[in-house]
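Remarks on the structure that follows.
The values are calculated or read from the model by the stated rules, or taken from the named source; none is laboratory data. Note that the structure is a prediction, hence the values are computed from the model and not measured. Here the Cβ is made from the backbone with ideal geometry for all residues, glycine too, and neighbour counts use every protein chain on show. Keep in mind that these areas ignore ligands, DNA and RNA; they rest on the heavy atoms of the full protein, side chains included. Shrake-Rupley method; radii C 1.70, N 1.55, O 1.52, S 1.80 Å.
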Amino acid sequence: EGTFKYILVRLQRPGGEEQRDIVRGTKAAEFHNHIFEKVNPEMEKLGYECKCLGGGKIDHNSKDKKIRVFGLSTGYGKADHSVTAEILKKVYTDYEITWSDDKK
């Protein structure tokens, strides 16, 4: 709930062809790299290599069932928000999910 930073992360098995993109975000992160520093060791334990594809912000309004994806990460650059929105639509099937390249 609320507005918080997120990153788009690509997972891949070492030497493997298959890739999977995941979205991770938290209000607790002051900077985007704080999210990656938490996700990376967890995914490595599961046997994945991680690459951050960029970041942005998510505005989550559970009352109105709306999610807005926007913004960018100073450190990682802008994630492809259209990819992020498609991933979120698989989980939040009854939400209106929009994205833009707006900074705010």
Note on E37: of the conditions (1) open to solvent by less than 50 Å² (accessible area, probe 1.4 Å); (2) out of contact with any Phe, Trp or Tyr (no Cβ under 7 Å at 6 or more places or on another chain), unmet is (1)
Filter result for R20 (farther than 21 Å from W99 by Cα and in contact with a strand residue (DSSP E or B) (Cβ under 8 Å, 6 or more places away or on another chain))
no
Scanning the stretch 1-27 for residues that are over 19 Å from K89 (Cβ atoms), among the small types (G, A, S) and modelled with pLDDT of 95 or more gives G2
If I go through the stretch 67-97 residue by residue, how many of them are open to solvent by 60 Å² or more (accessible area, probe 1.4 Å) and β-branched (V, I, T)?
3
In the stretch 55-66, residue least open to solvent (accessible area, probe 1.4 Å) [restricted to those that are touching a Ser or Thr at 6+ places or on another chain (Cβ under 9 Å) and farther than 11 Å from V23 by Cβ]
H60
I'd like to check which strands (runs of 3 or more DSSP E) are fully inside the stretch 1-84 and have at least 3 residues that are among the β-branched types (V, I, T) and touching a residue at least 60 places away in the same chain (Cβ under 8 Å).
none
In the stretch 22-56, how many residues are under 15 Å from the mean Cα position of the chain (by Cα) and more than 19 Å from G75 (Cα to Cα)?
1
Filter the stretch 1-14 for residues that are within 18 Å of K45 (Cβ to Cβ) and out of contact with any helix residue (DSSP H, G or I) (no Cβ under 9 Å at 6 or more places or on another chain); the one that is least open to solvent (accessible area, probe 1.4 Å) is Q12
Could you list, in sequence order, all residues of the stretch 85-104 that are under 12 Å from the mean Cα position of the chain (by Cα) and either part of a strand (DSSP E or B) or not hydrophobic (A, V, I, L, M, F, W, C) (or both)?
E86
Failed condition for L46, given (1) closer than 25 Å to E17 by Cβ; (2) open to solvent by 20 Å² or more (accessible area, probe 1.4 Å); (3) touching a strand residue (DSSP E or B) at 6+ places or on another chain (Cβ under 8 Å), with all others met?
(3)
